[in-house]
1. Could you state the per residue volume, in Å³, of the convex hull enclosing the Cα atoms of the chain?
2. Just want the ordering: ASP267, ASP70, ASP231, from fewest to most Cβ atoms lying within 10 Å of their own Cβ.
3. For a footprinting-style exposure proxy, rank CYS66, CYS87, CYS145 by other Cβ within 10 Å, fewest first.
4. Relative to the first principal axis of the alpha-carbon coordinates of the chain, what is the inclination of helix 178-196, with its axis defined by its Cα atoms, in degrees from 0 to 90 and to the nearest 10?
5. If you line up the long axis of helix 71-85 against the longest principal axis of the chain, both from Cα atoms, how many degrees apart are they, to the nearest 10?
6. Counting other C-beta atoms within 10 Å, and keeping those with at most 13, which DSSP coil trypsin sites (Lys or Arg not before Pro) do you find in region 1-76?
7. Per 10 Å bin from zero, what fraction in whole % of the C-alpha pairs of region 1-69 is there, up to the bin with the longest pair?
8. How far is helix 44-56 tilted off the main Cα axis of the chain, in degrees rounded to 10, range 0 to 90?
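Bear in mind these aren't lab numbers, they're just calculated from the coordinates by the rules spelled out. For clarity, every value in this text was computed on a predicted model and none was experimentally measured. Using ideal geometry, Cβ is built from the backbone for each residue, glycine included, and neighbour counts are taken over all protein chains shown.
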Amino acid sequence: MSLKDFSIKGKKAVITGAGRGIGRAIAKVFAEAGADVAILSRTKSQLDEVCEEIDSLEGNSIGIACDISDSEQVEEAVKEATDKLGCIDILVNNAGQVAVGPLAPLPDQKQDYKDIFHWPQNCGMTDEVLQNVMSTNLNGSLYMCRAVAPQMIDRGNGKIINITSTSSNLAFAYESAYAPSKAALQMLTKVLALEWSQYGLNVNAISPGWFKTEMTNRIFKTEEMTQSRVDTLPLKRLTDARDLGLLAVYLASSASDWMTGQVIALDGGESAIAYSN
């Protein structure tokens, strides 16, 4: 016996930033659940690896090299995905860039972040760094939504899932680029939920806490550093990125048809601590 409401078998999904980390995990869970997936990333070799892993699960996938900060590349990638897979049912905006460091130069004695993040001394956020974070985390998601939504609107249904961050709500020093970009993506989720709900689209978001990925390796590079992070969580443990994939399956399925404009934290209880204070 199975609950068909949670099924995404035969659905067509596009997942950005799927060459590694969270996006890779979501793509594999989607394929395991029976969806056909188009995975996007800047790095073709990473896409090839993920497609091989999905093939081993007897899933159907295509890899499309795409820089989502370029709107023309986005339009081309969405067209290719549609031509090869058919109408897109699900869009997961996961691609993201992280930059951690001071906005403006600070005295060396205040650079308590430098041992972890190896940020150059007396160096603030450059235009290039700021633009790279914003253009990927926010603009790229805008471009993807704009490119995919018309076919969903014409069809009268579709699921869009944005991957934000606990940094959307919890303030951490040295995240003057990353945190605002993710907070903006969280608000975009709510705005588009209102804009597109009358056309049958559901737009929700997942706000991940600390997961071990290539992007966060510097946080967990020693057992001591890992334990200090775990100790801050109510559940006192980390989990696998597969859990994010399982939550994404729920948001992609008909089981979540009456949910839109919501941001679900999957963070081991970290956000609950902040809200209770």
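1. 145
2. So the ranking, lowest neighbour count to highest, is ASP231, ASP70, ASP267.
3. Starting with the residue having the fewest Cβ neighbours, the order is CYS87, CYS145, CYS66.
4. It works out to around 30 degrees.
5. Once rounded, the angle reads 40 degrees.
6. LYS9
7. For region 1-69, the pair-distance distribution reads 24, 53, 18, 4, 0.
8. That helix lies at roughly 50 degrees to the long axis.
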